[in-house]
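The values are calculated or read from the model by the stated rules, or taken from the named source; none is laboratory data. Worth saying up front: this structure is predicted, and the values here are computed from it rather than measured. Glycine gets a Cβ as well: all are built from the backbone with ideal geometry, and neighbour counts include every protein chain shown. Remember, those area values only see protein heavy atoms, side chains included, never the ligands or the DNA or RNA. Shrake-Rupley method; radii C 1.70, N 1.55, O 1.52, S 1.80 Å.
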2 protein chains.
Amino acid sequence: MTDWFDEVAWNAEGLAPAIAQDAASGEVLMLAWMSRESLERTVETGEAVYWSRSRGRLWRKGETSGHVQTVVEIRLDCDADAALLRIESVGGVACHTGRRRCFFRRLDASSGARSWVATDPVLEQPGAFRDG
Amino acid sequence: MTDWFDEVAWNAEGLAPAIAQDAASGEVLMLAWMSRESLERTVETGEAVYWSRSRGRLWRKGETSGHVQTVVEIRLDCDADAALLRIESVGGVACHTGRRRCFFRRLDASSGARSWVATDPVLEQPGAFRDG
């Protein structure tokens, strides 16, 4: 019998991208990465645990900032190589920059000269840790 | 001067993950990959063009299925290594399995024995092409 986490098509580094979406508003908050162990811990604890590629270790979201993500639902895509987490966020700040979501820049193509423009306000002083 | 697409932190393969989200419903439809050229073409044409890793070529979404994605907004995350596309989908079928979205499986942990359960109906006969 295949374990449920063996059905995930982990990449060569043993990781899969995971999208965190606010369960209430539908807003896409961030894209992070999961390892087998982080997925298992997420399911066991009911709180999002990612794999930090920069730090090379498990990363319980909110471990330093307090902005824990409670997992409402975990979904897998057709290729089984990407996950979608519908979550409830403690404090409503998902980004380490102190913003509600990591996708705070929008491509502005209105003027011909294209650029990425920050559209979301900083709600909280960014912490010393990359975590957010 | 740095071009706007040089600000994207492309990975070692020259790609970045792109999340497609339905602009009206907020539903996360799929995760695909973009190259510099696919991002440029997306902006130029206003329709989502991805990089197909399995076929190793540009992939205009809907080129075989007709389910073109009109791009409402393109966002970039804090690390500049993931994009979010808010799109309007022609026909409302994003997945090559004929479903509305690729994330059609949900982790069922209710019984103790966990498994991925398909929750979304097939709306359309899957095409011969992987495209969807």
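For the reader, a short list of remarks on this structure follows.
- Debye-formula intensities of the stretch B:8-68, expressed as log10 I(q)/I(0) at q = 0.17, 0.26, 0.27 Å⁻¹, are -0.57, -1.21, -1.27 (one equal scatterer per alpha-carbon, no solvent).
- Per-copy distances of the residue B:126 label point, shortest first, in nm (7 angstrom along Cα→Cβ): 4.3
- Interface area, B with A, accessible, probe 1.4 Å, both sides summed, Å² nearest 100: 3800
- Integer Hz, Karplus 6.51/-1.76/1.60 couplings in order for the stretch B:68-78, x for Gly and Pro: 5, 10, 7, 8, 8, 7, 10, 10, 10, 8, 4
- The stretch A:97-110 - phi-based ³J(HN,Hα) in whole Hz, Karplus 6.51/-1.76/1.60, Gly and Pro as x: 7, x, 9, 4, 9, 6, 7, 9, 10, 10, 6, 9, 10, 5
- Chain lengthening between residue B:9 and residue B:64 when straightened (0.36 nm per residue, less Cα-Cα): 16.8 nm
- The Cα trace of the protein assembly as shown gives Rg and Dmax of 17.8, 57 Å, the first to one decimal, the second as a whole number.
- B from A by rotation - nearest chain A beta carbon to the axis, in Å: A:26, 1
- For chain A, the longest principal axis of the C-alpha atoms and the axis of helix A:36-45 are separated by about 90°.
- For a label point 7 Å along the Cα-to-beta-carbon line of residue B:55, residues of the stretch B:68-96 with backbone N under 20 Å: B:68-71, B:89-96
- Sorted shortest first, the separations between the residue A:91 label point and its copies elsewhere in the assembly read 4.5 nm; each point sits 7 Å from Cα along the Cα-to-Cβ line.
- Normalising the average separation of contacting C-alpha pairs (under 8 angstrom, six or more residues apart) by the number of residues puts the relative contact order of the stretch A:18-132 at 23 percent.
- Accessible surface computed residue by residue for the stretch B:1-118, with neighbouring protein chains in place and a 1.4 Å probe, gives 41 Å² per residue.
- Label point 7 Å beyond Cα along the C-beta direction, distances from residue B:56 to other copies (nm, shortest first): 3.2
- In summary, chain A shows an alpha-carbon radius of gyration equal to 1.11 times the 2.2 N^0.38 Å reference for compact globular proteins.
- Taking amide H positions as modeled 1.01 Å from N, with prolines and chain starts lacking one, the residues under 5 Å from residue B:68 and 5 or more places away or on another chain are B:90.
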